[in-house]
Amino acid sequence: MCALALLIVDHRFDYLDRVRTVLSALLHPLHLAADAPVALVRVLQERLTNEAHLRAQNLDLSRQNLLLNARLQQFDALEAENVRLRELLGSSLNLGERVLIAEILAVDLTPSRQQVMVNKGTRAGVFVGQPVLDANAVMGQVIRANPFSSIVLLITDSDHALPVEVNRNGLRSIAAGTGVGQELDLLHIPKNADIREGDLLVTSGMGERFPPGYPVARVKLARQDPDNPFMTVLAEPTARLDRSREVLLVWTLNPRIPQEDMAGAPTMALGHE
Amino acid sequence: MRRPWRSVMNDRVQRGAWLIPVSLVLALLLMILPMPDSTAPFRPQWLALVTLYWCLMTPTRFGVFSAFAAGLTLDLISGSLLGQHALGLSVIAYATVELHQRARLFPLSQQTLFIWALLLVERLIHLWVLGATGQPLPSLIYWAPTLIGILLWPWLRAVLNDLSHRVGLL
């Protein structure tokens, strides 16, 4: 009976979040213990790499750095131009974000949800609803912040949806997780919409939770189904959801988005539940 | 020299009792230890197995409430809904405590079947919770861990029997 009551309370309300936070902090050593063997293997691997491999890696990285720097020069100029143009239009732009690098703990959480645990918590300033990225794209958002760790809901979870737009033409949609592997479902795309396989989807920033302009997924399949009043569009996340080891936690410095830009746009329910 | 009765009683209650929490913590660790994606769905129900063992062997020390606490801990560390595992574990702990006198005397094969039934019940309750809270329902492979569980049961029983005799728990 107790368990039933607890289940219902935890599912419907959030009274238990504080209790859960405290108890999770107490149980943190268990997570660290489970992570320890994997961490040990990684340390050993680092120690045992040979010089040739390190040299090659170094060369590779410096080459990559050069390329990125070259692109960044262009980016600076473009950003300045973008700010100038926006000033002309009279709208504000959120400039700059603060990020924190966190590591994913090698812990298997309940298999029915797509979630991972990272090693930074409220002690480091993490908050519930915080966007999480990896080097390539958006990964998910924090749904539970404990003192020393937090749980991130991935964008592929069936309870997760985020507002996106097609990078090519600005077509807006909502990318909902499907809960099966590496797949997102784009909801309510009209039959005549201009969307193709290979289109890049970026965050539109409309839910005011994810900063705009980050890549999310690439369209894998766009098909007309006779039984579906909308187009069936499936996309594959560009973030390496199952392989990344390090993730970025993002604080948006100026999260306000000018409302006048979106006059008439429907308010979108987004995010977790 | 006879020792006073009370101290003998204390000895009986406390000797070797640390083995229970230690085995539970180990089982919890095994539940969250990372496994490759291909084998993760086959992860045996370690915590349920250990809980069943203690309910069967020492029902006076380990009963429904301990099982409930163990399940709650698993819910906490695995990020599932609070009570999701606790419910199933308390139900099978109750059944085992009720039937322990008979089940303890079963021959190994029959006892293994008994354990299998309980493991299936645990999974069934878990599945019901998943369905009731609108989480995605797993495929048929969901039931595979019970089979692995009954393969493990004779070994687990042997190891825990040996350990508890060594520390004087049983």
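Overview of values
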quantity	calculated
Dipole in debye (nearest 20) - segment A:94-253, about Cα centre, beta carbon charges: Lys, Arg +1; Asp, Glu -1	340 debye
Net charge of Cβ neighbours under 11 Å - reference A:Val126; Lys, Arg +1; Asp, Glu -1	+3
Three semi-axes of the equivalent ellipsoid, segment A:94-253, Cα gyration tensor, whole Å, largest first	28, 17, 12
Two-site label geometry, A:Gln182 and B:Trp18: point separation in nm, points 7 Å out along Cα→Cβ	4.8 nm
Around A:Leu184: net Lys/Arg minus Asp/Glu count, Cβ-Cβ under 11 Å	-2
Under the span-like rule (Cα at least 27 Å along the axis, Kyte-Doolittle mean at least 0.0), DSSP H helices of chain B	B:84-105, B:108-132, B:144-167
A:Asp242 versus A:Val22: modelled label distance in nm, points set 7 Å from Cα along the beta carbon direction	3.9 nm
Cα shape, the protein assembly as shown, gyration tensor, a/c 1.5 rule	prolate
Ranked A:Phe210, B:Phe68, A:Phe230, criterion: other C-beta atoms within 10 Å, fewest first	A:Phe230, B:Phe68, A:Phe210
Under DSSP loop assignment and at most 12 Cβ neighbours within 10 Å, longest trypsin sites (Lys or Arg not before Pro)-free interval of chain B	B:16-170
Projected label distance in nm at A:Ala56 and A:Arg98, using a 7 Å step from Cα toward the beta-carbon	4.1 nm
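Quick note: the coordinates plus some simple rules give every number you see, no bench work behind them. All values derive from a computational prediction rather than experimental measurement. A quick note on method: Cβ atoms are made from the backbone with ideal geometry, for glycine too, and the neighbour counts reach across all protein chains shown.
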